[in-house]
1. So which trypsin sites (Lys or Arg not before Pro) in the stretch B:354-426 pass both tests, a DSSP loop state and at most 11 other Cβ atoms within 10 Å of the Cβ?
2. Using the Cα centre as the reference, give the magnitude of the dipole from point charges on the C-beta atoms of the stretch A:331-467 (Lys, Arg: +1; Asp, Glu: -1; all else neutral), rounded to the nearest 20 debye.
3. Less than 15 Å from a label point 7 Å out along the Cα-to-Cβ axis of A:E403: which backbone N atoms in the stretch A:322-355 qualify, by residue?
4. Within 10 Å of each Cβ of A:361-369, how many other protein chain Cβ atoms are there on average?
5. Which distance in Å, rounded to a whole number, links the C-alpha centroids of the stretch B:177-249 and the stretch A:186-201?
6. If you average the C-alpha positions of the stretch B:136-153 and of the stretch B:82-131 separately, how far apart do those two centres end up, in angstrom?
7. Beyond a 25 Å Cα-Cα separation, which of these cross-linked pairs lie in this structure: A:K189/A:K359; A:K359/B:K215; A:K331/B:K97; B:K36/B:K79?
8. Which order results if B:W392, B:W402 are arranged by neighbouring Cβ count within 10 Å, fewest first?
Amino acid sequence: MWIPGASLLTKFLLPSPLLVMANPFTEYYIVETQPGSNSLLIRVVGDGGSISKGKICSLKARAVLIDMEEGVVNEILQGPLRDVFDSKQLITDISGSGNNWAVGHKVFGSRYQEEILEKLRKSAEHCDCLQCFFVIHSMGGGTGSGLGTYLLKVLEDEFPEVYRFVTSVYPSGEDDVITSPYNSILAMKELNEHADCVLPIDNQSLFDIISKIDLVVNSGKLGTTIKPKSLVTSSAGTFKKWQEKPFDAMNNIVANLLLSLTSSARFEGSLNMDLNEISMNLVPFPQLHYLVSSLTPLYTLADVNVPPRRLDQMFSDAFSKDHQLIRADPKHSLYLACALMVRGNVQISDLRRNIERLKPSLQFVSWNQEGWKTSLCSVPPVGHSHSLLALANNTCVKPTFVELRERFLRLYKKKAHLHHYLQIEGMEESCFTEAESSLSALIREYNQLDATKSMPVEDLPRLSVAV
Amino acid sequence: MSIVTVQLGQCGNQIGFEVFDALFIDSHCPQRLSSKRENEAYQASCKERFFSEEENGVPIARAVLVDMEPKVINQTLSKAAQSGRWKYGQHSSFCQKQGSGNNWAYGYSVHGPRHEESIRNLIQKEVEKCDSLSGFFIIMSMAGGTGSGLGAFVTQNLQDQYSNSLKMNQIIWPYGTGEVIVQNYNSILTLSHLYRSSDALLVHENDAVHKICAKLMNIKQISFSDINQVLAHQLGSVFQPTYSAEGSFHYRRNPLGDLMENLVPHPEFKMLGVRNIPQMSENSLAYSTFTWAGLLKHLRQMLISNAKMEEDSLKESCITDVLEAQRTVVCEKRIDWQIRPPLPGLPSLSKMSLNKELHFNTSIANLLILRGKDVHSADLEGFKDPALYTSWLEPVNAFNVWRTQRAFSKYEKSAALVSNSQFLVKPLDMIVGKAWNMFASKAYVHQYTKFGIEEEDFLDSFALLEQVVASYCTL
């Protein structure tokens, strides 16, 4: 797991998403880990003592933390999870990237290339079998965006057979970082070319989800069936405190996304799904690798034996636009492929019943009319009896890209702030124009697919053989 | 003679466990209907076929477990060991860590050659434990990456290594509506390769077994475990010992050989299916009685109308002899009794239309396996009707029956029909069609070419399978 710092953003709207993201992710994972379970994300150090009473010093995260500022990483290393992170697996600097992709990518990229490679190789050595890299970063800043995408190239060259999964936080509409459109578009080009799979997320959607939960919890409508402790609280605070630290709760959602993604690889189930299967099933063409994700249910219920009505509701919610982790409405766009990863006491018949039920309201591309990938993992997440992660390769991701391009063009036309980038060695105007055409090409692909939406599905003439 | 089973991938291993368990439990089932001597002969035969002896007396399944990730194999091994009844050999499994990613090309072109030797050694060891080898079962799914791709590779290997032994692949046909998005690609690649290297493909359809669980077994929340158990029951009803021509106490020595001889007269036609009745929950069974006439009538109609299961009426409880007639009437409404074999003298239906709802399922060969009380009294004339069969085989050659007095599992009478007929044409055609549509847009093809399966290979597979469909259609 590589977490290039989004630290510059700490100065603005997003106080330390890195810190909080790292915390709940590993925290939840530690709660999920049983002695002897699959050491996918965390390796055992020394004599591998069991986890008891908060002593987690024998587990080490398979992670490298990168930030061009020290504040966030230092906070992690002094926080409750300090023993989980190997203090040697860090790369930090002091000056930060100034919200400048070029600084992150070109300056720090070349400066730290050797060190990055060295830490990578060290991490890889500890793995019996390295399956994939998770890169977690934001698009709008300088370090996460610039250095983060530089990393992708390094990973591709050094470990060409290992999958690169990227969780990218896209800037929301009211983003205060003025140069975020530049940073995002330059980063998009790298994601287009060097990532195997991207899970875009935006803060506004996360915030909306948290608000909804708050509304439901506080309205008392569901009465005693709602526990205050839920999917979106860290064990440190109750849900009520979320207004003070919204990013805690928001990042917890992302942490849970990654937990659900890896659950079938970590725990047993009747229909397993590894990470390499995600890319195989959900990426029909190399350039169309952006997956919209949704997690349900968002609150725990007191009953462990949930009546089927509630179970079915979990499936319905997964397709609603209010549950997506990015502004997107998959139901009214075109599906290229869809994956449902279920955890907990859910059987194949429940899964099939819901697919049959929901299929008519969804539109799938003509060559993949039954494009469903499913998995069943027996172990539910902490505090829930079951959960569902839906990953969709759907044209509903297009508006995000279109908006990004528009915001970019507005800035670029005026050449605002451009000099900050062009003064960096290796940066020219062509970098921008190439990035813009890369994004435009991607948007065109989605447009072409959308155009096929209402066309009737025809069977193509088959090979004829002599009898 | 013994059968060595190779369990591949998650599906293969999960099913394999259920199969051995079903075989063991049935062979140790307290049998009120058979004599002690009969039972012992049955047990001994079952043992010889499927289990080998260990020092402390716990039988060891004659099986090799292969998977490219460790979780399922670990689970399977421990489930068997914990059962206390039988177990797998300590060193009979081979696994890796990274899986096949649902990628047939990865299973076939990467894992296959890389692990060829290790897997071959494991199989060799198991074969050496057999006094004499009847052949191999290879249990695999078509939809995934390991079972399908590595399974195809291993089958090819077995053909080279053990050219005198028979290979029967137990293939799990995926649900029509996705378990895996690229399942149609994986399926056509698997089938086309197996058609060249396997001796027979015994196909089990998830959709069909699912319906049996839902409608006949009355299971509300169906799990893969339930499905696998029904499947294991079907296999058990076919492969548990049956009398040879010599009669009582003498069980058939070469089940695979005999089966192939009966059912696969021509290499162009290798696809076999199983139907077995009755299938029902324990509760319903307590209130049901059956006659051979009734069972055989339904089985025959299931065959010619291509039904996959007895329709729901038989599950209803409180069936007694008095109600038998009434029940039969109710049943008659559910199975498609309109379908009749073509009348003699009229031109036979030469080409089956795939789109027509009503069509008659022509067989190449059928094997009926009857187990239980009064088995010798069963009247089989219905199955000898030449109208059921294609014109180039006489019923005397096309139809065979194996009878055994000893009942199977908890059923006083049970009948299994293994048939080589047109029953799989429609599902096969559908899979080929869907794969073709996807291939035309080139979706996902880059994932296969990455590992050495080129567009040419796809086209070869399509051509072979279109040929198979056409051949079966013109029976």
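1. Loop-located and lightly packed - B:K356.
2. 500
3. Only A:322-330 fall inside the zone, counting backbone N under 15 Å.
4. 4
5. Their Cα centres are 42 Å away from one another.
6. So the two Cα centres are separated by 11 Å.
7. The answer is A:K189/A:K359; A:K331/B:K97; B:K36/B:K79.
8. Result, fewest neighbours first: B:W392, B:W402.
Read-outs throughout are calculated quantities, based only on the coordinates presented, and are distinct from any laboratory measurement. The structure displayed is predicted, hence computed values, not measured ones. Cβ coordinates were reconstructed from backbone atoms using ideal geometry, including for glycine residues, and neighbour counts include every protein chain displayed.
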